[in-house]
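Asks: Take a look at the following structure, please.
The values are calculated or read from the model by the stated rules, or taken from the named source; none is laboratory data. Worth saying up front: this structure is predicted, and the values here are computed from it rather than measured. Because the Cβ atoms are built from the backbone with ideal geometry, glycine has one as well, and the counts that use them run over all protein chains shown. Quick note on the areas: whole protein, heavy atoms, side chains included, nothing else; ligands and nucleic acids left out. Shrake-Rupley method; radii C 1.70, N 1.55, O 1.52, S 1.80 Å.
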Amino acid sequence: MATGDLEAGQLLCESMVNPVGIDMLAPRFSWQLKSERRGGLQAAYRIMVADSEENLLRCTDLCWDSGKVQSDESVFCTYEGEPLTSRKRYYWRVKVWDQTEAESDWSTVAYWEMGLLQREDWKALWIEPKQEPVAEDPILSLREALQCDNPTDTSVLHPCPYLRKTFSASSAVRKARLYATAHGVYVFEINGQKAGNQELAPEFTSYDRYLQYQTYDVTDLVKNGENAIGAILADGWYAGRIGLAGNSCQYGDKLGLLFQLELEYEDRTQEIIVSDQQVKCSTGHLIYSDIFIGEKVDARLIKDGWTLPDYDDSAWDPVSAAHFDMSGLVAHYGEPVRVVETLPAVRVITTPKGETVIDFGQVIAGRVSMRVEGPAGTEITLEHSEVLDEHGNFLNNIKGRHKDQKDIYILRGGEPETFEPLFTFHGFRYVKVSGYPGVVLPERFTAAVLSSDMRYTGSFECSDARINRLQMNIMWSQKTNMLSIPMDCPQRERAGWTGDIQVFAPTSAFNMDVLAFLTRWLRNLALEQLPNGEVPNGVPYHKSFIHIDHTLMGKDSSAGWGDAVIIVPWALYEAYGDVKVLEEFYEPMVKWIDYVRRTAENEMPDNFDQMDDVQKERQKYLWNTGYHFGDWLMPSASSPQDSAIKTKEPVATSFYAYSAALLSKIADVLGKHSDAEYYSDLNRRIRKAFSEQYLQYDGTLSAHFQGAYVLALQFDLVPEEARGKVAEQLARLIEENGCRLDTGFVSVPFLLDVLCKYGKRDLAYKLLFQTECPSWLYEVERGATTIWEAWDAIKPDGTVSSMSFNHYAFGCVGDWLYREVAGLRKEQAGYKKIRIQPDVECGLSHASAKYESRYGTIVSGWSKQGRRITVTAIIPPNTTGTVILPNAMHENVKESEMPLNEALGILSYRQTNSGVSVHLGSGSYRFTYDLA
Ligand code: BGC
């Protein structure tokens, strides 16, 4: 019998709310307990699954009834019922008991739906419309590609193919599903209406090994009687001009389509409409469309009603059937790309050069929607950029081949018309408009923000508006670079650089629920791992990416980049407590460490022959050969290559040690204890070799750079007794640099933590509050709305560089803001045990963070007024927390006006030298005290 206020809600299946078209055979369920009382813990649960809602509610013909399971687990509970079937929708609900045996009602009903699980489920044929193959661009060297700054000759681009097929539905349809994918990108319409609301499907994956199909519920679009289904295709990432060098045809030179529309009539009979040779094709108003170059539309060529059944397609061409291996076909996993926000134009500027430029006030990834009225044939050009130059003129600062970011719209004339490109996106804040008939009014333009539509889970706020803007900038860089894959930037490369995401993963997991998104990307990474264990620098690792890496570095991976195979799953495990993500990628992790170990053991530095035996022996544990990106973009280096060369040696060995240590922990989590011992021993040897090779008596490292010290301290690479001296060296370097950082990509995530850990908290805050270049607030004070690729992307003298203005890597400080400034931490992976430890004496007067963990909302907030401290803590049901009240005396602390020993929900408390530590159960708490 249900009692009390206990509830189970927020039901997730495989991290998603009611997913449609998944292919996991044992999906996992998560829910949250809701309880008004403090200290609520789950003692048991019961899950029920049925293939209809009625059966579920009546508890008959169940596919699974877990029975009452005595367990406090409310996340990642695995389905163990009867085998799941293609296409079927399953309904589930859960009820819980707490530790007092109070029982909740059944939760509301949630569902998930299976996609097509067997190869035989696919009756459709791959089809290819009549088309000119996409012209393959000549391979350029990296230098040539970057220097090539000519506008693209768009006459070589092809019109987008249109495909259509008619069908009749013989009676009322109760359920219709469209399963579809493409070579290229696609959009579907049925009877004149778009199917679904996702963009750029099938999205960017390692197509030759992993191609997603999407499932659309199109029940409302199909009608009894005559129908038509149509699709438009574009080059996309498959055949378009992508990556740093802007090469076309990375996966193929012909566009293709595969679709299957399945109808179920009211009488339960079924019909399938598939892609086959009855599909017809043509072209239309999309003159070309390329992800990087842009899109050209001639609205005079719109084929009105082309996806209506009575449209005359007698002049359309037949398509040809094609045969492709379907073994890499998988159901789409994770939230799709959507328009997640629409921004108004903030102002229209006339630049000193006389250009008309719209300012959207925010750097984004997306596209413009424009309303216009004018004579037929009028040609309007929209060019996109993230910055203006130092004089306020429009500047396309991104150099390289095919980086045009230019859309063209030719008016149909007469009625008011709207243009928004379909198959491209740009990184921009400013849009230069040319050829617009009449006055460019801001209200006629909006910007559509594109992103993988993940749930926001975190927010951070404090008393310094500049830090709040920094947090917003981090969010924006995440939102606009997590677009199908974790990209480095949304304009120049748009590539899944492994180093960038390993640096940013912990921050990203605070801001959004990235579990499915990054797991999908990791699956691609695992598929792209080389047989020798190398993990490519970027995923998807397409032909021109490979070519550049081979010519630049003679291999496919770099220290600090390939380590993403270990660091990213670990970050996901830490944030969500998902053990399966560790299990799934354990083998690729082992292969990676094995590759690094073999390289370290077999490749010796040039001066090896001059070494004595002891030195020679040590070399086996140093990863000191080959090209690496090092502490990429270290500010004091004269160029990115210079920072790579100067720092690569300590960085490579540091990451070797770090990855070995993480792998040892991972092996322990997975119960592989002898593996854990092996990697821990390996880590010990690497650390020993590191300090013997690089550490001097006075605590200096031979690579005398901030980043090298940060990594050595963070990864415990120097013996305990030397750590103080090493930390002093780091502090001295920072002070000598005017209290400004000089850290690159891979060390900056740990910089402030290391300073705090070694008693240099003041210095950490000096760096955080620093406004001179290089620093986080320098960018903010220069008007940044996203995180820049380089600290000085705009130089102190105002010069605008050709760096990207939207790279999330240096936004990794966000993780520290949540943990250290607001004090929202975990004591156990996934936040089953929480630690609230605010830094009330950091110079701010208040800070607070909120995080939607899998268990529910966690809040850590504090404020300081004179000596009076208030700490608010929200601990979700089914978790426990420890709140650290800095510099408090227990007898002076009140919780919601009650003395500590009388407050409800408090399990125990303890006076320590540094304050009071309170152990508590779930609930919302408010502590007040005066600083001792
Ligand atoms: C990218 C980076 C990437 C790096 C490799 C750059 O061009 O934009 O973010 O990690 O190359 O060093």
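Asks: Identify all residues within the stretch 455-475 that are open to solvent by less than 60 Å² (accessible area, probe 1.4 Å) and free of Cβ contacts under 8 Å to residues at least 12 places away in the same chain; write none if there are none.
Replies: Selection gives N468 alone.
Asks: Would you pick out the residues in the stretch 637-669 that are among the polar types (S, T, N, Q) and either closer than 15 Å to S557 by Cβ or modelled with pLDDT of 95 or more (or both)?
Replies: Hits for the stretch 637-669 are T653, S654, S659, S664.
Asks: With the requirement that a residue be surrounded by fewer than 17 Cβ atoms within 10 Å (Cβ to Cβ) and β-branched (V, I, T), what does the stretch 27-65 give you?
Replies: T60
Asks: Determine if the stretch 486-503 includes at least one residue that is within 16 Å of the ligand (Cβ to nearest atom), in a strand (DSSP E or B), surrounded by 24 or more Cβ atoms within 10 Å (Cβ to Cβ) and not small (G, A, S).
Replies: yes
Asks: Could you list, in sequence order, the residues of the stretch 517-542 that are surrounded by fewer than 18 Cβ atoms within 10 Å (Cβ to Cβ) and more than 22 Å from the chain's Cα centre (by Cα)?
Replies: L530, P531, N532
Asks: Here's a follow-up. Give all pairs with beta carbons closer than 7 Å in which a residue from the stretch 898-912 that is more than 17 Å from A873 (Cβ to Cβ) meets a residue that is surrounded by fewer than 11 Cβ atoms within 10 Å (Cβ to Cβ) and modelled with pLDDT under 95; count only pairs at least 6 apart in sequence or on separate chains.
Replies: The qualifying pairs do not exist here.
Asks: Now for a different question. Kindly provide the set of residues from the stretch 854-876 that are open to solvent by 10 Å² or more (accessible area, probe 1.4 Å) and under 16 Å from Y576 (Cα atoms), ordered by number.
Replies: Within the stretch 854-876, R854, Y855, T857 meet the criteria.
Asks: Something else now. For A822, indicate whether it is within 16 Å of the ligand (Cβ to nearest atom) and among the aliphatic types (A, V, I, L, M).
Replies: Against the criterion (within 16 Å of the ligand (Cβ to nearest atom) and among the aliphatic types (A, V, I, L, M)), A822 does not qualify.
Asks: Specify which of the listed residues (Y851, Y808) is crowded, with 24+ Cβ neighbours inside 10 Å and within 24 Å of K580 (Cα to Cα).
Replies: Y851
Asks: For the stretch 893-932, give me the residue count where each residue is part of a loop (DSSP other than H, G, I, E, B) and under 18 Å from G40 (Cα atoms).
Replies: 5
Asks: Let me ask something additional. What single numbered condition from (1) open to solvent by 30 Å² or more (accessible area, probe 1.4 Å); (2) modelled with pLDDT of 95 or more fails to hold for G921?
Replies: (1)
Asks: Only one of (1) surrounded by fewer than 17 Cβ atoms within 10 Å (Cβ to Cβ); (2) assigned to a loop (DSSP other than H, G, I, E, B); (3) among the aliphatic types (A, V, I, L, M) fails for A321. Which number is that?
Replies: (2)
Asks: Filter the stretch 619-653 down to residues that are within 19 Å of R687 (Cα to Cα) and open to solvent by 40 Å² or more (accessible area, probe 1.4 Å), then give me how many there are.
Replies: 3
Asks: Moving on to the next point. For residues that are part of a loop (DSSP other than H, G, I, E, B) and over 18 Å from S385 (Cβ atoms), scanning just the stretch 429-453, find the one that is modelled with the lowest pLDDT.
Replies: G438
Asks: So which residues in the stretch 173-223 are in contact with a Leu (Cβ under 7 Å, 6 or more places away or on another chain) and open to solvent by 30 Å² or more (accessible area, probe 1.4 Å)?
Replies: Answer for the stretch 173-223, where residues must be in contact with a Leu (Cβ under 7 Å, 6 or more places away or on another chain) and open to solvent by 30 Å² or more (accessible area, probe 1.4 Å): G192, Q193, R209.
Asks: OK, next. Could you please tell me which pairs satisfy a Cβ distance under 6 Å, a separation of 6+ or placement on different chains, a first residue in the stretch 234-247 that is touching a residue at least 24 places away in the same chain (Cβ under 8 Å), and a second residue that is of a type in the set (A, V, I, L, M) and within 16 Å of the ligand (Cβ to nearest atom)?
Replies: The qualifying pairs are G243/A495; A245/L140; A245/A145.
Residues are listed down the side, and each one gets a yes or a no for (1) touching a residue at least 60 places away in the same chain (Cβ under 8 Å); (2) in contact with a Gly (Cβ under 9 Å, 6 or more places away or on another chain):
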site	(1), (2)
V440	yes, no
A447	yes, yes
D453	yes, no
E493	yes, yes
G499	yes, yes
L515	yes, yes
W521	no, yes
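Asks: Ok, one more. Would a scan of the stretch 583-596 turn up a residue that is without any contact (Cβ under 8 Å) to a residue 40 or more places away in the chain, more than 16 Å from the ligand (Cβ to nearest atom) and touching a helix residue (DSSP H, G or I) at 6+ places or on another chain (Cβ under 7 Å)?
Replies: no
Asks: Can you confirm whether the stretch 338-346 contains a residue that is basic (K, R), under 21 Å from G236 (Cβ atoms) and open to solvent by less than 30 Å² (accessible area, probe 1.4 Å)?
Replies: Scanning the stretch 338-346 turns up no residue that is basic (K, R), under 21 Å from G236 (Cβ atoms) and open to solvent by less than 30 Å² (accessible area, probe 1.4 Å).
Asks: If you take the residues of the stretch 547-567 that are modelled with pLDDT of 95 or more and of a type in the set (V, I, T), which of them is farthest from the ligand (Cβ to nearest atom)?
Replies: I566
Residue-by-condition table, conditions (1) of a type in the set (S, T, N, Q); (2) surrounded by 16 or more Cβ atoms within 10 Å (Cβ to Cβ):
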residue	(1), (2)
G67	no, no
Q70	yes, no
R87	no, yes
T100	yes, no
